[in-house]
Structures are given as C-alpha cells and as structure tokens.
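The values are calculated or read from the model by the stated rules, or taken from the named source; none is laboratory data. These numbers come from a predicted model, not from an experiment. Neighbour counts are summed over all protein chains in view; Cβ atoms, including those assigned to glycine, are modelled from backbone coordinates with ideal geometry. We work out accessible area using only protein heavy atoms, side chains counted, and drop any ligands, DNA or RNA first. Shrake-Rupley method; radii C 1.70, N 1.55, O 1.52, S 1.80 Å.
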Amino acid sequence: MTLCSVRTGVRAATISCLLSVTIARQILVDDLESGMRWVHSKDPKYNGEFVVGKGSVEVLPNDHGLIIPEKARHYAASQAVDLDPAKEKEFVVQYEVKYESGITCSGSYLKLIMAPYDDLEGLKNDVPYSIMFGPDKCGSNDRVHFIFQFKDRNTGNLVEHHLQRPPSIGGVDTKTHLYTLTVRGEEFEIEVDGETKRSGSISDPDDFSPPLNPPEEVDDLDDKKPSDWVDEERIPDPDAKQPEEWDETQPKMIPDESASMPEGWLENEPKKIPNPDSKKPDAWDDEEDGEWIPEMVDNPKCTVGCGPWKPPMVGNPKYRGKWTPPLIDNPKYIGEWKPRRIKNPAHYKVNDPRLLPVAALGLELWVMDSNIRFDDFFVGTSAKEAKEFAGKTWKKKQEIEAKTQTVTNDAAENKEAKPGRVQNYLTTLDGLVESGLRAAGLHAAADSLVKSNVPHLLSAALLGAGSLILFALALVSAFSRRRPSMQTRAQLQTQAQLQTQAQPASVVRPADSLANKEKVDAETLGDERSTKMVETTAEISANTSESGLRQRKPLTDS
C-alpha cells in the first residue's frame, strides 16, 4: 500500500516502498525512513525483476505493490526482517496475492529466510529458510504450502517438513486474496481470505511428512520373508469340475436367424459406380499419365442396399466363455507378511518445538504467468493486529471488487437485450468516462455512474457535442478547398512565376489563412465574383472557429 520508488542497476534493483510490511511487537510500518527494502538477487539464474506499480486495475487510490511483469522467468527479491518466533507466543505472516491475468502454473509463496543472513543480493533457492508459506498452483496441483525446516539432531542437517492435505489457494479468479499463517507454540492455523482452512500441530506425525519427531520403531531391514510363507488369502477350488453342458467352443455372437433380406435390396448391384458426368481430360496422355480412371460415386439404385446381404449379428444364448473354478478360502493362508519392528536408533523427541529465527522475507519464484501482484505484507507477533491491518487494506479491496463483480454481472445480463449500434457506441463511451473517473481517483463517482442511467446521458451529450464540432470543421474544409476556375489558376501560376523571378530567394511567411490569400489574389486580378466568394468563406471560417472554441472550452475545464 502507498508509494514506492525503484533504483535499478545492471543486474539488480533496490525497491524502497511503503508496501505495508509490518513487524508487530511495536507495529513498525515499512516506510521510506525505516530503511526496509526489497532487494533483487544478483544471481544470474533470476532473469526477471519485480516492478512496483498499481497494477492493471487500481482498486484503492495510490495503492502500489510488487508485480511480476513477465512469465516464464525466475524472480528473487528479499527484505530484512529481524524476528525470532521461538521467543514469541504468537507468530504471524500475512500477505496479499492477486493474479491479474489468471494463473496456470506459478508459485506465489514466501520464504522466511533463516537467521543469521544478511546477503540479500545473494538470495537463491538453496538458501536455508525457517518457513515457506503461500499459494502454489500448476494444473490440477492446487495448494497453500506450509513447509518448515528443522535441524535433525542426529545429522545436524536441515530437514523439510511438508504439511499434508494442504488447503486450496481459494480460487483462480482475478480478485485479491489474503493468506495468513499463525503459529502459537506447536499449534498452527492457515487462513485464506480471513477463513480458517487448516489447523493442527507441527509435532503431529499425521500433519507433516516426515514427522518432526522420528518414530520410536522402524522396520527391521534385515528381516526376510520365509520361503514357506503363504499370503494368498483366496485360491481356486481344487475339487471343482467343469459342468458337462459348459461348451467353451460356442461364439459370443451369431447371425440372427430370424432376419431376412429387406425388400428392394439389390445383391447384384455395386455400391459404387463410375461418375457418368466425369470425362477424360483432353490433355491426358495414357502413356505418360497411365490409364485414366473416372471418379467413383454412390450408386443411385442403392436406395435400400446393394451387394451381398448378410444377416445382423446377435448375442449367442449358448455362449458361456472359458470356464474357471470358483475361489475358496486358502486353508494354508497365514496373512500379509511384514518385517518385524525394532527400536529406532535415530528416535528423539522435541519437547518444545519452536520455529527457527527469521532474518529476511523473500520471494524466490519460478512462474509461467504474468501480472502477479503482491501487497500488504505483515510479519509480526499478534494475530489481532494482523486482522486489524487486513481490515484497513485487504477488506476494503474485497468490498470494492465484490461491487465491481456485481456490476459486471449486471452488464452481462443486459447484453441479452441485443442493443443496437447507437447503444453500443454509448456503452463504449460509458467505459471511457468510467475509466477517466477511476484514473482521477473518483471511484465512488464511477460506481454511481455505472449503476445509474447517467453514463448514457453524459455519453450522449459528448457524442452530440463531438458531432457538431466535426460538422463545423467539415464545413470549413469544404469551403476552403473550393478550386478557382481554370483561367484564374493559370493567372495565379503566371503571377507566382513573376514573383519568383523578382525575388532572389523564397521567404516562408506565416499564413494568415487560405481564405485571406485567395482574397488578395482575386482583388489583384479584378475578379469580383471570386472576391465576394472568398470574403464569405473567410467570414464563415472565423465564425465557425470561434464557435468551436466556445463549444470545446467547457470540456477542457471539466
């Protein structure tokens, strides 16, 4: 939200913005004086650069965000954030995403880079992080990620723990969506557009894979299945015999014996005959082109059918198929074999699991969509303050977008009336008027005009005024371009040649008007009719121009 500025370099750009990154505890809003900045990665892999702008549709006045302008590129930018979730009762990360051009396959998640870290220009995909959270969609894969990294006590390596059964991103529309993650000790809650979609515990083995705590028991890898182990629960009955009446040779389909050849069927007539209207081309050479064969067409005699008649096929009532003995319970069945369980030597329990400290907020993404807009980031320690912040930002956008969608739906229903050409012109002008009002920040006025009949009246007035101006200009042009007689033109050319010979060089002077020039020439030649016509033209031109200025002035003032 609010204004941002950008400094660009050869391989990096620093974006300083009032993008509402809030650090709770003291509610520090990111402004130009706080030193908070988004910094592009200098890694050559990241060939895309975020831009700061209002987006294709400005919902709130002067509302800016980070925008992905091009698809099929890697993007990476980060901003310093100093916060340790382990020391807080609540930890909240919240931000907005808007897919202005829709979404097909793109990640839009945040990475909270693990502390210590201060190389913002070196951000890349293998930089350790504490949390990865946010929407990710590609085809049918649609989820809001929650992944946290934790150090394995046995190896010392960071392990990614992925949330199982993550929620959906909340829609593939072009509206602004809000994503919120709240962690309270071991418990977590994920909200999409202010509604809880998933909750659980970071230590629950059913919620994350692999689980935070390694299992107490594992399979014994040295245990082998015994050779005499029987795990077939059902077997064919060895005492069953094929019934004598079971004939496996019977076909599944047989000719219908009750069917007869339809009347009018011509067995001796072919289905296709040479086209009687087809003729051999005059230029056809049998020696070079081969034997000429006329085009084949359907036989007109075959109204019912032609050629050998065959009865249709029907199901064979005697068909039984291949006989197989029925299945019975296996008396030797022991059960499904599984290796024995032994104590896990790598087992340990995290008694008070806490997320790792955070040093930066990062966007490290690969996208196949453009015009993805991020805004109103919140990283803090109070869920209440996060909701209040969302009420001042996202909630207002949601209400405006909902109203805009309602107006759009109403307009779609009105299209069924099949408006005429004038109606279409007025509708187009309505859109231009509405766009001008929104560009000037007059969103309330634009909404009121869209819902009422006023836009058509204003557009009709503009159309009428424009038509009058165009008519006046056309009238002036018609009188100004009237050609003089052939004799007058010849005399003018002779005079021009004499003037050219008298002057050593041509001088370009400001032309008062075409009408005034013709008036002087006509008086010199003594052509009274031309003089009178030119005077009339000059008078009409002056009056029309003055009238046109009077008509255009109110539009300029408005």
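Name every residue in region 118-137 that is in a loop (DSSP other than H, G, I, E, B), surrounded by fewer than 20 Cβ atoms within 10 Å (Cβ to Cβ) and not acidic (Asp, Glu), in order of residue number. Working first, answer last.
So in region 118-137, the residues in a loop (DSSP other than H, G, I, E, B) come out as 118-119, 123-128.
This time we only want the ones that are surrounded by fewer than 20 Cβ atoms within 10 Å (Cβ to Cβ), so: 118-119, 124-128.
Passing the criteria: Lys124, Asn125, Val127, Pro128.
Picking from residues in region 213-228 that are out of contact with any His (no Cβ under 6 Å at 6 or more places or on another chain) and surrounded by 11 or more Cβ atoms within 10 Å (Cβ to Cβ), the one that is farthest from Ile147 (Cα to Cα) is Asp223. Flag: Glu96 matches the condition of being within 27 Å of the chain's Cα centre (by Cα) and assigned to a strand (DSSP E or B). Within the set Ser56, Ser34, the sole residue that is hydroxyl-bearing (Ser, Thr, Tyr), modelled with pLDDT under 80 and surrounded by fewer than 16 Cβ atoms within 10 Å (Cβ to Cβ) turns out to be Ser34.
For region 338-378, the tally of residues that are assigned to a loop (DSSP other than H, G, I, E, B) and within 37 Å of the chain's Cα centre (by Cα) stands at 7. Listed conditions (1) in contact with a Phe, Trp or Tyr (Cβ under 6 Å, 6 or more places away or on another chain); (2) more than 20 Å from Val350 (Cβ to Cβ) are all met by Arg143, apart from (1). What number of residues in region 274-325 are open to solvent by 50 Å² or more (accessible area, probe 1.4 Å) and over 28 Å from Ile254 (Cα atoms)? Number satisfying all stated conditions: 22. Considering region 186-209, and only residues there that are open to solvent by 20 Å² or more (accessible area, probe 1.4 Å), part of a strand (DSSP E or B) and in contact with a Lys or Arg (Cβ under 9 Å, 6 or more places away or on another chain), the residue that is farthest from Asn351 (Cα to Cα) turns out to be Arg198.
Counting only residues that are among the hydrophobic types (A, V, I, L, M, F, W, C) and either free of Cβ contacts under 8 Å to residues at least 60 places away in the same chain or open to solvent by 50 Å² or more (accessible area, probe 1.4 Å) (or both), which one in region 247-272 is farthest from Gly315 (Cα to Cα)? Give the derivation first.
Of region 247-272, the ones among the hydrophobic types (A, V, I, L, M, F, W, C) are 253-254, 259, 261, 265-266.
With either free of Cβ contacts under 8 Å to residues at least 60 places away in the same chain or open to solvent by 50 Å² or more (accessible area, probe 1.4 Å) (or both) added as a condition, the list becomes 253, 259, 261, 265-266.
On the way: Met253: 5, Ala259: 14, Met261: 20, Trp265: 25, Leu266: 27 Å.
Going through the qualifying residues, I end up with Leu266.
Any residue at all in region 163-180 that's assigned to a loop (DSSP other than H, G, I, E, B), open to solvent by 40 Å² or more (accessible area, probe 1.4 Å) and in contact with a Lys or Arg (Cβ under 6 Å, 6 or more places away or on another chain)? There is at least one residue in region 163-180 that is assigned to a loop (DSSP other than H, G, I, E, B), open to solvent by 40 Å² or more (accessible area, probe 1.4 Å) and in contact with a Lys or Arg (Cβ under 6 Å, 6 or more places away or on another chain). In region 117-132, the residues that are of a type in the set (Lys, Arg) reach residues that are outside any loop (DSSP other than H, G, I, E, B) with C-beta atoms within less than 9 angstrom, at least six apart or across chains, in these pairs: Lys124/Ala76; Lys124/Glu364.
Do we find that Gly156 is farther than 26 Å from Thr381 by Cβ and under 23 Å from the mean Cα position of the chain (by Cα) in this structure? Give the steps one after another, and end with the answer.
Details: farther than 26 Å from Thr381 by Cβ: yes; under 23 Å from the mean Cα position of the chain (by Cα): no.
Answer is no for this residue.
Any idea which of Gly194, Gly170 is of a type outside the set (Phe, Trp, Tyr) and touching a helix residue (DSSP H, G or I) at 6+ places or on another chain (Cβ under 9 Å)?
Working: Gly170 fails: touching a helix residue (DSSP H, G or I) at 6+ places or on another chain (Cβ under 9 Å).
Step by step, each of Gly194, Gly170 is checked, and only Gly194 is of a type outside the set (Phe, Trp, Tyr) and touching a helix residue (DSSP H, G or I) at 6+ places or on another chain (Cβ under 9 Å).
Among the residues making up region 78-117, those that are open to solvent by less than 10 Å² (accessible area, probe 1.4 Å), touching a helix residue (DSSP H, G or I) at 6+ places or on another chain (Cβ under 7 Å) and not small (Gly, Ala, Ser) are Phe91, Val92, Gln94, Glu96. Given the residues Glu385, Glu399, Glu364, which is the only one that is more than 24 Å from Lys87 (Cα to Cα), touching a residue at least 12 places away in the same chain (Cβ under 8 Å) and open to solvent by 10 Å² or more (accessible area, probe 1.4 Å)? One residue alone meets the criteria, Glu364.
Among the residues making up region 273-290, those that are free of Cβ contacts under 8 Å to residues at least 24 places away in the same chain, within 58 Å of the chain's Cα centre (by Cα) and closer than 29 Å to Cys302 by Cβ are Pro274, Asn275, Asp277, Ser278, Pro281.
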